[in-house]
């Protein structure tokens with residue numbers, strides 16, 4: 001079956017700091033027209049930082065779209081041209097004050113492929129070495145440390161709600177001896 | 001540490017079919033001002049439909065933001081006021097032509113809490129009963145059936161890239177005997 005759509009027009013809606021929004025006109029596989037609403041994003045990394053005792057570092061952070069604080073693994077947006085691995089190291093230094101001696105890409109995910117091109121690279125960071133905390137200007141967060149099994153229980157009972165964090169923890173638990 | 005932001009202004013940017021976009025002005029915890037770009041979404045469900053032999057049903061679907069076809073678990077947007085469980089059954093009927101005798105909520109995830117309020121409810125559907133395929137108007141997709149272990153291998157090797165699908169499969173593998 002032909003599943004492809006052909007873009008036949010595009011209109012810019014919004015050009016923000018973090019997202020751009022456009023509305024495309026597409027030709028559906030059956031020849032009819034439709035519109036697609038698309039949120040462009042530069043991409044991001046998210047890292048599960050695990051110490052030698054299977055303890056994981058998290059950050060608590062206010063999320064304006066939800067008007068609440070979420071418990072998440074360290075994460076951040078890619079700067080233009082920045083390799084994801086460099087971004088992962090930078091975010092770990094900025095958010096939890098550690099540098100990893102081992103950094104392994106576990107997967108990447110499209111977080112909302114129905115309306116956004118956001119791609120998130122998921123890393124497992126190990127052999128953590130203390131680094132001075134390079135707090136990002138205007139970023140307010142609190143570091144939380146927890147054993148991995150406890151974090152996995154929080155996934156199952158619904159206390160952890162962030163998609164990339166849940167995926168990162170579930171993937172990490174497949175790589176690590178518990 | 002105080003992590004909360006206070007919204008002090010809001011500007012509507014776009015009112016689409018699927019998303020609304022607004023730009024808020026917020027007061028940061030240190031008293032300075034900043035802006036937040038927020039994509040509103042009505043929420044969605046995603047379902048891992050598993051038959052009695054641990055075979056999983058997927059759909060292949062073109063995703064305009066990525067300009068490519070993704071392999072995903074059945075999913076769809078909540079209609080206004082629709083209970084997530086009803087939505088899950090509806091989407092299963094529309095997309096793969098089965099109704100589940102057992103439907104269990106595994107988790108919910110915020111897919112992109114940095115810029116969107118989208119919340120996705122993840123279900124495990126079992127005891128699938130054949131139902132006539134109620135294709136949604138203007139939706140083009142192809143049903144794929146695969147053993148769960150094969151699908152999990154596709155997560156690890158990067159062939160499955162959709163966030164909710166990866167999370168759903170990893171969660172399902174914790175509930176099911178493999």
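Values in this text are rule-based calculations from the coordinates and carry no lab data. All figures in this text were calculated on a predicted structure; none of them were measured in a lab. A quick note on method: Cβ atoms are made from the backbone with ideal geometry, for glycine too, and the neighbour counts reach across all protein chains shown.
Summary of values
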{"read-out": "Qualifying residue in region A:133-142 (condition: over 18 Å from residue A:84 (Cβ atoms) and outside any loop (DSSP other than H, G, I, E, B))", "value": "yes"}
{"read-out": "Scan of region B:155-178 for residues that are buried (at least 20 other Cβ atoms within 10 Å of the Cβ), outside any strand (DSSP E or B) and in contact (Cβ under 8 Å) with a residue 24 or more places away in the chain, ordered by number", "value": "B:160, B:161, B:163, B:164, B:165, B:167, B:168, B:169, B:171, B:172"}
{"read-out": "Checklist (1) in contact with a helix residue (DSSP H, G or I) (Cβ under 9 Å, 6 or more places away or on another chain); (2) surrounded by fewer than 21 Cβ atoms within 10 Å (Cβ to Cβ); (3) in contact (Cβ under 8 Å) with a residue 24 or more places away in the chain applied to residue A:93, failing item", "value": "(1)"}
{"read-out": "Count of region A:17-67 residues which are over 20 Å from residue B:64 (Cβ atoms), assigned to a strand (DSSP E or B) and in contact (Cβ under 8 Å) with a residue 12 or more places away in the chain", "value": "15"}
{"read-out": "Selection status of residue B:13, within 29 Å of the chain's Cα centre (by Cα) and either surrounded by fewer than 16 Cβ atoms within 10 Å (Cβ to Cβ) or more than 30 Å from residue B:107 (Cβ to Cβ) (or both)", "value": "yes"}
{"read-out": "Only one of A:48, A:56, A:21 that is surrounded by 21 or more Cβ atoms within 10 Å (Cβ to Cβ) and facing chain B (nearest Cβ under 7 Å)", "value": "A:21"}
{"read-out": "Odd one out for residue B:125 among (1) outside any helix (DSSP H, G or I); (2) surrounded by fewer than 21 Cβ atoms within 10 Å (Cβ to Cβ); (3) touching a residue at least 60 places away in the same chain (Cβ under 8 Å)", "value": "(2)"}
{"read-out": "Some residue of region B:137-154 being under 21 Å from residue A:106 (Cβ atoms), within 11 Å of chain A (Cβ to nearest Cβ) and free of Cβ contacts under 8 Å to residues at least 60 places away in the same chain", "value": "yes"}
{"read-out": "Considering residues of region B:30-39 that are surrounded by fewer than 16 Cβ atoms within 10 Å (Cβ to Cβ) and in contact with a strand residue (DSSP E or B) (Cβ under 8 Å, 6 or more places away or on another chain) only, the residue farthest from the other protein chains (Cβ to nearest Cβ)", "value": "B:33"}
{"read-out": "Complete set of residues in region B:68-99 that are away from chain A (no Cβ under 14 Å) and part of a strand (DSSP E or B)", "value": "B:98, B:99"}
